[in-house]
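Novice: Here it is: the structure, laid out below.
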Amino acid sequence: MQLGRVIGTMVVSVTTPGMEGVPLLWVQPLSKLNEPVGEPFVCADGTRMAGPGEIVTWVASREAALTLNPSYVPVDHAVVGLVDDTHIHQEDGT
Amino acid sequence: MILGRVCGTVVTTIQHEGMNGHRMLVVDRLAPDGTPTGSYLIAVDAAQAGPGETVLVLDEGNGARQVLGREGLPIRSVVVGIVDEVLLAE
């Protein structure tokens with residue numbers, strides 16, 4: 001699991017069974033200090049609550065499909081939660 | 001498993017219900033000699049690890065669900081131990 005920022009949404013008219021109504025979001029992966037790192041990808045949003053600009057936690061591989069119900073769906077990235085706060089300890093322990 | 005150092009925490013109130021009650025730690029990945037590799041991951045705490053501690057992180061879904069004792073959790077990374085010492089062969 002890592003941090004990401006929702007940078008957009010995607011509407012898919014024809015989709016595989018089980019994926020109907022699942023929101024699809026463009027997510028830009030972030031470093032632990034919320035800096036963009038790497039290429040954006042599309043996440044399924046099981047919480048159905050994430051909006052553009054929000055910082056989220058996302059997970060990849062099979063765990064991504066487990067955030068959805070039914071969970072046997074072709075999903076490789078998914079939003080797990082909406083981040084309220086990320087507290088990173090500085091090297092000097094604050 | 002991965003060697004890591006706890007460098008922070010993440011709080012999410014709106015989340016998948018499987019995450020409720022789990023404390024999430026931001027863990028820097030470490031090379032065997034203890035130097036940070038530059039990448040990080042967010043892991044569920046199953047060992048009461050504190051900030052700055054060197055930890056062992058299980059990064060595989062099936063094992064994570066066994067450690068947390070619940071099926072269907074969308075969790076892949078779990079802190080399963082606190083490392084006291086790493087000895088490397090010369």
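Each reported figure results from applying straightforward, stated rules to the coordinates on display, with no laboratory input. Given the structure is predicted, the values throughout are model-derived calculations rather than measurements. With ideal geometry, Cβ positions are generated from the backbone for all residues, glycine too; neighbour counts draw on all protein chains shown.
Novice: Within chain A, report the chymotrypsin sites (Phe, Trp or Tyr not before Pro) that DSSP leaves as loop and that have at most 13 other Cβ atoms within 10 Å.
Specialist: In loop regions of chain A (DSSP not H, G, I, E or B), the sparsely surrounded chymotrypsin sites (Phe, Trp or Tyr not before Pro) are A:TYR72.
Novice: Let me know the charge dipole size of the protein assembly as shown about its Cα centre in debye, to the nearest 20, where only the beta-carbon of Lys, Arg (+1) and Asp, Glu (-1) is charged.
Specialist: Roughly 540 debye, rounded to the nearest 20.
Novice: Next question. What is the magnitude of the charge dipole of chain B about its Cα centre, with +1 placed on the Cβ of each Lys and Arg, -1 on the Cβ of each Asp and Glu, and no other charges, expressed in debye to the nearest 20?
Specialist: That gives chain B a dipole magnitude of about 360 debye.
Novice: How much space per residue, in cubic angstrom, does the convex hull of the C-alpha atoms of chain B take up?
Specialist: It is 96 Å³ per residue.
Novice: DSSP loop (so not H, G, I, E, B), at most 10 other Cβ within 10 Å: list which GluC sites (Glu not before Pro) in the range A:23-94 pass both filters.
Specialist: A:GLU91
Novice: Taking the simple approach of a point 7 Å from Cα along Cα-to-Cβ for both A:SER61 and A:GLU39, what is their distance in nm?
Specialist: 2.0 nm
Novice: I need the calculated FRET efficiency for the pair A:ASN69 and B:THR35, taking r as the beta carbon distance and R₀ as 35 Å, to the nearest 0.05.
Specialist: It comes out at approximately 0.25.
Novice: Regarding the range A:2-82, what's the average projected area of the Cα-atom convex hull, expressed in nm²?
Specialist: 4.8 nm²
Novice: Please find the FRET efficiency linking B:ILE82 to B:ASN62, where r is the Cβ-Cβ separation and R0 is fixed at 25 Å, and quote it to the nearest 0.05.
Specialist: That pair, B:ILE82 with B:ASN62, gives E of 0.65.
Novice: How large is the Rg to Rh ratio of the protein assembly as shown when both quantities use alpha carbon positions and Rh follows Kirkwood?
Specialist: 0.99
Novice: Using only DSSP helix segments of four residues or longer, with each worth -39500 (n - 2.57), what per-residue ellipticity at 222 nm results for chain B after dividing by its residue count and rounding to 500?
Specialist: -2500 deg cm²/dmol
Novice: Counting only C-alpha contacts under 8 Å and six or more residues apart, can you give the relative contact order of chain B as a whole percent?
Specialist: Relative contact order for chain B comes out at 30 percent.
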